[in-house]
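Visitor: Mind having a look at this structure? Questions to follow.
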Amino acid sequence: MKEFNSTDMKIIMATFEILQDEGFAKATTKKIAAKAGVNEVTIFRNFKNKNNLVETTKDYYRQVLIQKLNDIFNFAGDETIEEYLKISFFGVLNLSEEDISVIRVAMEEVREDPEKKVLVSDITDVILNKLEEFFKLKIEQGTIREVNPKSLAIMCFGMLFQSVILWKIYNHDLEFETNYYADDLLNIMFEGLNPKD
């Protein structure tokens, strides 16, 4: 990841805060400079223009979040599927408010400009690729039957990521005991929906 000096980091952090609060259209360099406590000329000298600053800011926070997601969905290979999914679930659940804001900004970006899906795609690709890699390993180890690992990855992505992240993004309190919720999801996954004989 590119290193930034302290002034540039102040500007990047201020830009991100304003993007969260006001969106791209209202994020002026004047507001960013005031928030960062720098002269507006410094922004133009260091980042050339607003678009470049916004792209640099999104890229910085994207890299930080992607590293965290890689850590959350990393595996040693000896975990059971239940352990891995539960650890991943709680890793996602415990993402910081700043991390959630990166996802929120990415979703807003797509809403404002449907052609701009880079940030959202990068986030989902990291998770789906890690899950698929994990399931391929478990199939090779004979832990699970021969199934399409991509389908399993997509199903677990919906369970782990979308269900929790969307609640957090839209600021709904998680009105359930997360341990039981995780256990219920895993139980449905492993036991299915059919009644027991």
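The values are calculated or read from the model by the stated rules, or taken from the named source; none is laboratory data. Nothing here was measured: the structure is a model prediction, and the numbers come from that model. Counting neighbours? That spans all protein chains shown, and the Cβs are built from the backbone with ideal geometry, glycine included. Ligands, DNA and RNA are stripped out before the accessible areas are found, and what is left, the full protein with its side chains, is counted by its heavy atoms. Shrake-Rupley method; radii C 1.70, N 1.55, O 1.52, S 1.80 Å.
Visitor: Conditions: (1) closer than 30 Å to Ala182 by Cβ; (2) open to solvent by 40 Å² or more (accessible area, probe 1.4 Å); (3) in contact (Cβ under 8 Å) with a residue 12 or more places away in the chain; (4) not β-branched (Val, Ile, Thr). Asn94 meets all but one. Number of the miss?
Guide: Here Asn94 meets the rest and fails (3).
Visitor: OK, next. Which residues, taken from region 134-164, are open to solvent by 40 Å² or more (accessible area, probe 1.4 Å), in contact (Cβ under 8 Å) with a residue 12 or more places away in the chain and assigned to a helix (DSSP H, G or I)?
Guide: Within region 134-164, Lys136, Leu137, Lys150, Ile154, Met155 qualify.
Visitor: Could you tell me whether Leu174 is at pLDDT 90 or above and not charged (D, E, K, R)?
Guide: No: the conditions fail for Leu174.
Visitor: Ok, one more. Can you pull out every residue in region 22-41 that is among the hydroxyl-bearing types (Ser, Thr, Tyr) and surrounded by fewer than 16 Cβ atoms within 10 Å (Cβ to Cβ)?
Guide: Within region 22-41, Thr28 is the sole residue that qualifies.
Visitor: Checking the condition of a type outside the set (Ser, Thr, Tyr), touching a Leu at 6+ places or on another chain (Cβ under 7 Å) and either in a helix (DSSP H, G or I) or open to solvent by 40 Å² or more (accessible area, probe 1.4 Å) (or both), which residue from Leu53, Leu19, Leu85, Leu65 passes?
Guide: Exactly one residue qualifies, and that residue is Leu85.
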